[in-house]
Amino acid sequence: MPLALLALAVSAFGIGTTEFVMMGLLPNVADDLGTSVPTAGYLVSAYAIGVVLGAPLLTGLGSRVPRKKMLLLLMALFTVGNLASALAPDFGWLVAGRLLAGLPHGAFFGVGAVVAARLVSEGRQARAVATMFLGLTVANIVGVPAATLLGQHLGWRATFLVVAAIGLAAMAALARLVPSIPVEAHQDVRRELRALGNRQVLLGLLTAVFGFAGVFAVYSYLSAMTTKAMGFGESSVTLVLALFGIGMTLGALAAGPLTDRALRPTLYGSLGALAVVLVAFPFTVHVQWAALVMVVLLGAVGFMTTTPLQMLVMNKAKDAPTLASASNHSAFNLANAGGAWLGGVAIAAGWGWTSPALVGAVLAVAGLAIAATAGFLDRDEGKASRVVAAHSATPARPAAAPARPAFEDGTGSPGGPGAHVGAQPVRRLRTRRPPDAPGNRHPARTTRASDS
């Protein structure tokens with residue numbers, strides 16, 4: 001694998017750390033800024049809104065910017081957003097900093113996925129994209145737990161200062177390792193927007209919204225489940241989150257080669273497995289060792305969906321994959337918000353701390369149904385394309401030979417160029433069968449055309 005993929009993975013590590021660390025720092029931020037934990041939860045929403053808005057906006061604005069330069073600009077914006085968060089004087093400015101940090105998220109992964117796919121040969125593209133996403137999953141094993149501990153001991157501002165430093169390191173790695181990749185000649189905003197109108201792209205984005213929402217219906221409340229359902233102490237929350245991150249990493253590693261081999265079966269299998277794990281989760285969560293195994297499995301099957309969904313929208317967008325790829329991350333963040341909201345509704349309704357898992361199972365099944373529908377339609381479209389291609393490939397019937405001139409002078413006009421309008425056309429005399437032709441009773445004779 002090219003070293004440039006390492007630079008992309010380092011960048012993804014920084015993005016993943018700042019995206020998920022806020023969940024563990026909410027109590028610290030709330031205490032320091034004099035607000036409640038539910039109000040501090042708007043900081044998670046602010047980042048997600050930044051992702052949703054920034055993916056199409058920044059991708060469109062940068063459609064004609066060379067890929068390497070675009071990656072550097074996006075990572076610079078990410079770094080500034082985290083620095084602004086660290087230096088925010090009050091809660092409002094912190095919300096603005098989180099929004100700013102989230103803006104480049106989707107666009108970076110959209111452009112980065114296209115760059116990663118172009119760095120390797122055909123047949124290894126999904127593995128290259130999965131390698132970039134590996135940084136996102138490792139962030140949940142190392143980055144998020146370490147940044148949470150750092151914030152708890154040195155203050156939450158120190159966490160965002162460290163993430164800003166990671167952003168600077170990522171920029172250096174991108175500048176040094178990523179080759180210059182020019183913008184495709186046909187690349188423009190209108191072409192990218194048309195790509196989003198592709199039915200398969202839209203169905204892929206819907207699959208991400210529903211299927212991945214099943215993961216976040218549980219992950220958003222995993223800390224509370226650890227203490228209230230699994231029976232662990234608060235000190236074990238970091239361990240449980242790290243186990244989820246390990247599962248994410250295993251799923252991302254498996255998804256690359258599987259997607260290269262069979263994209264849609266990998267997507268169907270991961271969504272189906274996600275539904276099974278979520279259904280089983282409430283029944284195993286009270287046995288501690290089984291609960292830990294289920295946490296790893298949840299991370300693995302949940303993040304096995306990311307690579308095939310990313311490759312699907314890139315493939316179906318054909319010559320304009322960047323905006324579709326970036327929009328996929330908007331879809332993932334909508335899934336984050338939607339899954340967390342629906343899981344919270346189930347808890348508030350008194351269904352228990354494990355009820356978000358059953359809500360997630362329903363969402364995963366809905367995602368699988370959408371994915372299966374898209375596959376069925378894609379197969380029919382492929383058959384129709386083959387029929388059209390076969391029809392157009394059928395050799396055309398030879399054109400009829402041009403009719404011979406009707407008149408003796410070969411001009412096609414009666415009597416030749418000098419004939420006057422009222423002249424009687426004199427047609428060429430033609431000979432009937434030769435006298436020795438079988439079936440002839442009479443000798444050959446000549447006749448005018450009017451006789452025949």
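Here are some notes:
- Of the residues making up the stretch 202-236, those that are in contact with a Pro (Cβ under 9 Å, 6 or more places away or on another chain) and aliphatic (A, V, I, L, M) are Ala217, Val218, Met225, Ala229.
- Residue within the stretch 4-17 that is more than 15 Å from Leu168 (Cα to Cα) and aromatic (Phe, Trp, Tyr) present: no
- Screening Thr18 against (1) part of a helix (DSSP H, G or I); (2) open to solvent by 30 Å² or more (accessible area, probe 1.4 Å); (3) of a type in the set (Ser, Thr, Tyr) leaves a single unmet condition, (2).
- Leading residue by the ranking (modelled with the highest pLDDT) among those in the stretch 44-80 that are open to solvent by 50 Å² or more (accessible area, probe 1.4 Å) and either in contact with a Ser or Thr (Cβ under 7 Å, 6 or more places away or on another chain) or of a type in the set (Gly, Ala, Ser) (or both): Pro66
- Against the conditions (1) open to solvent by 40 Å² or more (accessible area, probe 1.4 Å); (2) at pLDDT below 90, Leu83 satisfies every one except (2).
- Being modelled with pLDDT of 85 or more, under 13 Å from Phe210 (Cα atoms) and open to solvent by 10 Å² or more (accessible area, probe 1.4 Å) is a property that holds for Leu368.
- Boolean, Ala357 is assigned to a helix (DSSP H, G or I) and open to solvent by 10 Å² or more (accessible area, probe 1.4 Å): no
- Set Ala12, Ala7: member being within 24 Å of Thr249 (Cα to Cα), under 19 Å from the mean Cα position of the chain (by Cα), open to solvent by less than 50 Å² (accessible area, probe 1.4 Å) and in contact (Cβ under 8 Å) with a residue 12 or more places away in the chain: Ala12
- Which numbered condition His286 misses (of (1) outside any helix (DSSP H, G or I); (2) under 26 Å from the mean Cα position of the chain (by Cα)): (2)
Yes/no per residue for (1) modelled with pLDDT under 85; (2) open to solvent by 10 Å² or more (accessible area, probe 1.4 Å):
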| site | (1), (2) |
| --- | --- |
| Leu99 | no, yes |
| Gly102 | no, no |
| His105 | no, no |
| Thr131 | no, yes |
| Thr137 | yes, no |
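- Matching option when the condition is in a helix (DSSP H, G or I), of a type in the set (Phe, Trp, Tyr) and under 30 Å from Arg261 (Cα atoms), among Phe78, Phe133: Phe133
- Elements of type helices (runs of 4 or more DSSP H) contained in the stretch 184-248, each with 1 or more residues being more than 25 Å from Leu267 (Cα to Cα) and at pLDDT below 85: 189-196, 222-228
The values are calculated or read from the model by the stated rules, or taken from the named source; none is laboratory data. The model shown is predicted, which means the values in this text are computed figures rather than measured ones. Methodologically, a virtual Cβ is constructed for each residue, glycine included, from the backbone with ideal geometry; neighbour enumeration extends over all protein chains shown. Accessible surface areas use protein heavy atoms only, side chains included; no ligands, DNA or RNA. Shrake-Rupley method; radii C 1.70, N 1.55, O 1.52, S 1.80 Å.
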